[in-house]
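So the structure is just underneath, and the comments pick up after that.
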Amino acid sequence: MILGRVIGTVWATRKDEKLTGSTLQIVRPVELDYSPKPGFVVAVDAVGAGVGEIVLVVQGSSARQTVKTQNKPVDATIMAIVDKLDIEEQG
Amino acid sequence: MILGRVIGTVWATRKDEKLTGSTLQIVRPVELDYSPKPGFVVAVDAVGAGVGEIVLVVQGSSARQTVKTQNKPVDATIMAIVDKLDIEEQG
Amino acid sequence: MILGRVIGTVWATRKDEKLTGSTLQIVRPVELDYSPKPGFVVAVDAVGAGVGEIVLVVQGSSARQTVKTQNKPVDATIMAIVDKLDIEEQG
Amino acid sequence: MILGRVIGTVWATRKDEKLTGSTLQIVRPVELDYSPKPGFVVAVDAVGAGVGEIVLVVQGSSARQTVKTQNKPVDATIMAIVDKLDIEEQG
Amino acid sequence: MILGRVIGTVWATRKDEKLTGSTLQIVRPVELDYSPKPGFVVAVDAVGAGVGEIVLVVQGSSARQTVKTQNKPVDATIMAIVDKLDIEEQG
């Protein structure tokens, strides 16, 4: 999974019918200190994440393994909101 | 999903039979301000997107989860046309 | 899907038994003007593409969605031969 | 699979219900001499790996093929703890 | 599939039980002239490839489509040993 911050929302009225009711969030990948990395991914929200929150995004076919995303044409899903990281890197 | 702009169409008469009737669009990834990024992807259109429109492209096995693409040999599908983005990036 | 040109063939007599009879082509990704990009991918040919032809390559699990590749250990399949591209990029 | 070192843990109380009880480890990819590479991935631990250990991480749909991860929304799983590498690179 | 050379072996006694008996090889990607490219991937061997041999590696869910890897948590499998390449690149 990738670590990122929710920075916005995509509005799309014309979309595949299976996506009706899905919230499409824009997620900026972040470093371990939460500073932004380049790029972004559009992900369906499965856990009620709000703008500014640090989240985990699951990609690929596993993005369809939540109740809110099963059988849907989505390849990225927010499936956790991060409380904190414990880092103990050694040399 | 990736954000992109439809910039053209691929014509291919010799193709896998499951692709008969599919429209193959060329999508240029774009930044959050819709400026073009390097590269492009060829995607099947599932929502009637026209050239110039900003779209979302789903990749991988999830690209087969629309009515127009199920069981087809496609790894990228346009499954939404974007109306607008709300960005609220914080530092 | 990625756009590429067939530039050669891989010969391999010792391979997984499911690959018997499959043609393994070497495909160089190309730009929209067909100039070569760096790198290459080895793909199974599902449409009878010859060396020099411009093709589309499908990757991932979708590479197994043609009659010639189903249930085979392949992650890239040539599933279309390109006639032409219509590009209408706008600024 | 990628080779990496466990460098920390992610704490997340609000997450998809299927992830209850899963340990989310932060893995830094490493070179063959175990020196760190850029970037990191968040992976579910299926083998009881501790911080500092060198591990293998499986990605994509195959990340769901362990007893601890089946049918879960995870795209990266630690499925082996490395004892040693034998390298015999030739020119 | 990617083209690479087997350069070593990973030893791991603590691993997911489905991996018992699997050989984990280290594969360095190579150019078309077999010179090494940066990076490496750890792959399960399905064809009896030895160190120094040039092989094809299948990735993603297709890596589970050999008899030796089905239903296992592996995302890269050596499924062919290369005899030779025929390259006919045209400008």
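Can you tell me which residue within region E:61-72, out of those that are more than 7 Å from every other protein chain (Cβ to nearest Cβ) and among the polar types (S, T, N, Q), is nearest to E:Glu31 (Cα to Cα)? The selected residue is E:Thr69.
Results for (1) at positive phi; (2) polar (S, T, N, Q); (3) assigned to a strand (DSSP E or B), shown as yes or no for each residue.
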site	(1), (2), (3)
C:Gly4	no, no, yes
C:Ile7	no, no, yes
C:Pro29	no, no, yes
C:Leu32	no, no, no
C:Pro38	no, no, no
C:Val51	no, no, no
C:Leu56	no, no, yes
C:Lys68	no, no, no
C:Asn71	yes, yes, no
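For the residues C:Val30, C:Val6, the requirement of being β-branched (Val, Ile, Thr), more than 7 Å from chain E (Cβ to nearest Cβ) and more than 20 Å from E:Lys84 (Cβ to Cβ) singles out C:Val30. Annotation for region E:17-24: at least one member residue is free of Cβ contacts under 8 Å to residues at least 24 places away in the same chain and under 17 Å from C:Arg14 (Cβ atoms). Summed over region E:73-91, residues that are at the interface with chain C (Cβ under 9 Å from one of its Cβ atoms), at negative phi and more than 14 Å from the chain's Cα centre (by Cα) total 8.
Residue-by-condition table, conditions (1) at pLDDT 95 or above; (2) open to solvent by 10 Å² or more (accessible area, probe 1.4 Å); (3) among the acidic types (Asp, Glu):
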residue	(1), (2), (3)
E:Glu31	yes, yes, yes
E:Pro38	yes, yes, no
E:Val47	yes, yes, no
E:Gly52	yes, yes, no
E:Val57	yes, no, no
E:Gly60	yes, yes, no
E:Thr69	yes, no, no
E:Pro73	yes, no, no
E:Ala80	yes, no, no
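Residue check: D:Val58 meets all listed conditions (1) under 30 Å from E:Glu31 (Cβ atoms); (2) away from chain E (no Cβ under 14 Å) but one, namely (2).
Of all residues assigned to region A:13-21, none qualifies as being part of a strand (DSSP E or B), touching a Leu at 6+ places or on another chain (Cβ under 8 Å) and open to solvent by less than 20 Å² (accessible area, probe 1.4 Å). Return yes or no: is D:Ile87 open to solvent by 40 Å² or more (accessible area, probe 1.4 Å) and hydrophobic (A, V, I, L, M, F, W, C)? For D:Ile87, the condition - open to solvent by 40 Å² or more (accessible area, probe 1.4 Å) and hydrophobic (A, V, I, L, M, F, W, C) - is met.
The values are calculated or read from the model by the stated rules, or taken from the named source; none is laboratory data. A quick note: this is a predicted structure, and the numbers were derived from the prediction, not measured. Heads up, the Cβs are rebuilt from the backbone with ideal geometry, glycines too, and the neighbour counts pull from every protein chain shown. Accessible surface areas use protein heavy atoms only, side chains included; no ligands, DNA or RNA. Shrake-Rupley method; radii C 1.70, N 1.55, O 1.52, S 1.80 Å.
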